[in-house]
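Here's the structure we're looking at; comments come further down.
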Amino acid sequence: MNTGDLSTLLVWGAMTALTIALVAYAVDLAAIAERAQRKVPAKATASAGAAGRTATAVATPPGGTAAVGDGRSLRAEGIARTTTYVGIVLLLGAVVTRGLAAGRWPTANMYEFTVVGVLVATMVLAIVQRRRVIAFVGVLVLGIAVLALALGLLVFFVQADAVQPALQSYWLVLHVGVAITATGVFTVAFAASVLQVLQDVREVGPRPVGEAARRTDGLRRWVTGPRFGWLQQVPSARELEAQAFRLNAIGFVLWTFTLIGGAIWAEHAWGRYWGWDPKEVGTFVAWVVYAAYLHARTTRGWSGRKAAYFVFVGYAVVLANFSVVNLFVTGKHSYSGL
Amino acid sequence: MSGYRPDGLDDVFTATVTDDNPAPAPVQVPSIGFTGWLRWAWRQLTSMRVALLLLMLLAVAAVPGTVWPQRAQSPEKVATYLVDHPTLGPWLDRLGFFGVYSSIWFSAVYLLLFVSLVGCILPRTAVHLRGVRGRPPRTPRRFGRFPAQGQGTADDEPHVVVERAAAVLRRGRLPFWPTYRVDTHDEGRGTWSVSAERGYLRETGNLVFHLALVGLLVSVATGQMLHYRGQAIVVQGRGFANAQVDYDTFEQGTAFRPSSLVPFTLRLDDFEARFDPDSLQSRDFTAHVTLTEPGSDPEARTIKVNHPLDAGGAKVYLQGNGYAPDITVRDKAGEVAYAGPVPFLPQDEVYTSRGVVKVPDVSGDQPQVGLIGFLLPTAQEVGENLYRSVNPQPDDPLLVLSVWSGNLGLDTGVPQNVYQLDESRLTQSVDAQGKPVTLYVRPGQTVDLPDDLGTLTFEGLPRYVALDLRHDPALPFVLVFALAAFAGLAASLFAPRRRLWLRAAPGDDDGPTVVTAAGLARGDDVGLQPELDRVLRATLGPTAADDIPDRTSDRTPDSTPDSTPDSTRESTP
Ligand code: HEM
């Protein structure tokens with residue numbers, strides 16, 4: 001077996017570990033949800049108006065699960081944490097061996113981009129979950145991570161190899177490396193923003209009936225219902241917004257660097273710093289959307305939940321810029337290797 | 001515009017400044033008349049809400065450029081699209097969808113955005129400049145509503161405690177880098193307090209960031225006006241001079257000065273290409289050139305992808321390469337009608353190259369000759385008279401040409417593409433069976449042209465490079481403004497802006513001095529409470545520090561009301 005194959009094997013191993021972590025987080029989430037459901041009847045009377053909920057409490061927690069106050073499963077959290085660390089170590093090994101096999105920095109095609117991006121996302125996740133585990137963020141980030149790795153291995157995979165002259169530059173490390181890191185950070189920030197919106201909907205609770213209220217009534221009833229009881233375990237919407245902002249701010253600064261670094265590299269390689277290449281446009285659009293997010297946060301009437309919607313759009317653009325633009329649009333950035 | 005408050009300034013942070021003397025809320029008196037309307041429009045334009053709207057518009061307006069082909073990048077695709085969509089195409093064209101980034105609507109959005117930005121940032125800059133010279137705000141009477149709080153006791157007199165706190169705050173954490181601006185206040189009846197503020201850098205960063213964006217736009221526009229760009233194909237052993245006539249294509253900005261064309265010359269001595277032996281992908285291209293700048297000796301230099309050559313204030317990029325078969329055509333009379341290398345354009349990874357040879361200068365009344373066909377660097381026969389290239393390196397080159405004769409149409413005055421043959425007044429040579437004649441020529445071979453047109457010799461196979469030369473005097477400015485924007489952004493997002501207050505009051509009945517403290521930060525700031533705790537501990541000493549709950553070690557997010565970015569901002573008038 002050569003080094004390249006070893007790298008691929010390590011990625012498969014990491015995917016397995018992360019899948020176990022994903023399941024463990026899901027079990028944790030389920031335990032919390034279950035516990036919360038049993039508490040719901042008491043709450044339902046307290047917050048009248050959210051009627052129509054049927055608290056179908058199913059007792060019997062999973063055998064041997066050490067449940068704590070709010071229903072968290074400490075054992076599941078322990079497993080999730082450990083397997084996430086294992087996954088990170090395996091991914092690190094995979095990235096290093098891939099670099100050795102190719103004889104260069106391993107961020108030159110979509111497969112490598114995916115593997116390194118997942119590595120960054122899981123590392124940020126591990127940092128964010130260090131003090132306080134939020135099972136939902138774990139489920140969302142690891143769900144995206146496992147999916148990305150599967151796509152990487154099954155669709156984007158190419159053999160480790162040297163690269164064409166246009167990619168032979170230290171900017172491959174700086175520009176692409178930072179872009180991947182930003183994507184990883186944005187992924188966790190996105191999860192935090194999703195949670196923030198759910199929590200906000202839940203906290204605000206049923207609103208007086210009105211046209212706007214009726215339109216979102218379905219979502220609200222769903223989120224305030226017992227199915228989302230686990231949200232009680234989650235920090236408040238305001239704290240989540242602060243957390244999401246911190247991560248998005250870091251991601252945005254990294255993205256700004258990606259944009260500037262890309263322009264400098266384009267100036268070296270293609271003789272122009274900006275040429276409205278599809279990839280450049282995508283990066284620019286994502287940047288503008290995240291700038292809009294930062295503005296929305298400080299615009300009266302747009303902060304909080306509405307600002308989080310910009311994160312959804314921004315993250316969607318980041319993902320589309322990686323996938324759609326690489327695979328379906330022809331441009332100068334044809335580094336997918338497919 | 002008296003009483004005008006720049007947008008984005010009213011938040012919990014500024015609210016404290018006006019804590020004890022609330023500023024009058026800006027009242028919008030509907031003024032009548034033209035200037036009133038102008039003023040109203042200006043306020044709308046420079047509001048955060050409109051900035052937000054314009055930003056989103058900019059994002060949306062940039063998208064069509066990736067959906068439809070753009071003339072600036074790929075004119076041939078636009079032409080194809082127009083042929084394929086005869087009804088929709090012209091409409092899209094009229095609306096600027098094939099030139100999105102120079103269209104009126106795209107320009108309108110970003111110009112409005114920048115007007116809004118200037119209108120928004122200049123007043124803010126004025127406010128900030130005043131603020132930078134100001135003092136920290138007075139200690140508020142009550143600390144109850146602040147996000148960070150602390151308390152403790154001390155045996156020293158209140159003013160001693162306060163002086164010590166002031167010293168701690170002034171010192172900062174790094175030597176010679178004072179962080180806080182500090183004032184102490186005698187509040188009467190033995191009570192003293194200290195107020196401190198840091199983080200002017202945050203707002204400075206924000207302003208630098210926005211102003212740098214304006215600088216960036218101006219530099220880019222200036223570069224557009226002054227730049228020139230030329231493209232030249234240079235065959236091994238040949239050269240060119242930096243003069244407009246020597247370029248195959250030349251493009252210039254509206255304010256281009258011919259004096260910026262420094263008359264250097266460049267000769268291509270050699271070109272090396274390396275390919276991966278298995279995947280045949282390119283691995284390295286190096287052009288060895290001799291550069292002669294006016295007034296200096298010729299110099300040997302190299303040009304590589306990612307490593308352009310600096311010459312005469314311009315940069316020379318290696319943009320492409322290929323083969324230029326060296327061909328000699330003799331006419332029926334044996335006179336040389338054409339001699340020289342003809343660049344062929346590579347079509348794929350193995351450099352199957354397409355090219356055209358035009359032979360207009362035939363003697364007598366012989367028809368002109370046009371040859372069109374392919375060069376295969378390493379030919380492999382895959383069927384009877386069917387060849388393909390299997391390697392980009394010239395291991396076994398083969399020219400495959402068909403022959404046309406008649407009038408090349410070069411004297412019609414209409415500029416012709418050198419890579420295309422205008423076949424309208426030419427006829428193709430055919431053999432006895434009426435099948436088109438195909439010539440297969442290897443280097444060194446001479447073949448007879450059909451129809452008694454003469455002979456063709458394939459003399460050799462030099463390589464050529466496609467060079468792209470660009471001069472943009474605004475480049476350093478673009479870089480400096482981009483980096484300034486980056487630094488400003490980082491400062492504005494990560495530099496904490498904080499206010500801390502500490503009050504020391506005499507204890508009841510000769511008890512120890514009672515110390516209370518509070519902190520406020522602009523935006524979201526996890527470090528605020530730990531900072532307050534640090535200052536308290538440093539002021540009160542380790543003994544009294546027992547009173548201070550150590551929040552740094554076992555903090556969970558919900559035990560610290562970090563910041564209140566949303567609700568408080570919404571509730572300010
Ligand atoms: C080219 C267009 C613009 C871009 C790309 C842009 C980008 C940004 C970014 C990334 C931030 C975040 C930095 C921070 O929070 O300190 C920001 C903040 C800010 N921007 Fe802009 N901006 C633009 C135009 C404008 C305009 C037109 C206005 C005025 C209406 C404006 C006013 C502000 C203000 C007030 C903040 C600070 C928010 C705060 O207090 O935290 N910006 N801008």
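Annotations
- Theoretical FRET efficiency, 1/(1+(r/R0)^6), r = Cβ-Cβ of residue B:44 and residue B:418, R0 41 Å, to 0.05: 0.15
- Orientation-averaged projected area, Cα convex hull of segment A:74-204 (nm²): 9.1
- Between chain A and chain B, roughly 5100 Å² of accessible surface gets buried, counting both sides and using a 1.4 Å probe.
- Here each label is just a point 7 Å from Cα along the line to Cβ, and for residue B:145 and residue B:241 those points are 7.8 nm apart.
- Note on residue A:9/residue B:301: beta-carbon distance plugged into 1/(1 + (r/R0)^6) with R0 of 56 Å gives a FRET efficiency of 0.75.
- With all protein chains kept in place, the per residue accessible area of chain B amounts to 50 square angstrom at a probe of 1.4 angstrom.
- Shape descriptor for segment B:424-514: Rg over Rh equals 1.78 (Cα atoms; Rh from the Kirkwood inverse mean 1/r).
- Sites residue B:153 and residue A:89 - FRET efficiency at Förster radius 41 Å, r taken between beta-carbons, to 0.05: 0.25
- Counting Cα-Cα pairs of chain B in 20 Å increments starting at 0 gives whole-percent bin shares of 15, 31, 24, 19, 10, 2, 0.
- Between 0 and 90°, nearest 10: helix B:158-171 axis offset from chain B longest Cα axis: 10
- Phi to ³J(HN,Hα) by Karplus 6.51 cos²θ - 1.76 cosθ + 1.60 over segment B:133-143, Hz, x for Gly, Pro: 7, x, 10, x, x, 4, 5, x, 5, 10, 9
- Theoretical gain in end-to-end length, residue B:430 to residue B:74 [0.36 nm per residue, Cα-Cα removed]: 124.5 nm
- Violating pairs (Cα-Cα greater than 28 angstrom) within the set B:358/B:435; B:332/B:435; B:304/B:358; A:279/B:77: B:304/B:358
- Mean residue ellipticity at 222 nm, helices only, chain B: -9500 deg cm²/dmol; runs of at least 4 DSSP H residues each add -39,500 (n - 2.57), and the sum is divided by the number of residues.
- Those residues of segment A:280-323 whose amide nitrogen sits under 15 Å from the label point placed on residue A:222, 7 Å along Cα→Cβ: none
The values are calculated or read from the model by the stated rules, or taken from the named source; none is laboratory data. Computed from a prediction, not measured in an experiment: that's the story for all the values here. All Cβ positions, even for glycine, are placed from backbone atoms using ideal geometry, and neighbour counts span all protein chains on display. Each accessible area value is taken on the protein alone, full model and side chains, heavy atoms only, with ligands, DNA and RNA left out. Shrake-Rupley method; radii C 1.70, N 1.55, O 1.52, S 1.80 Å.
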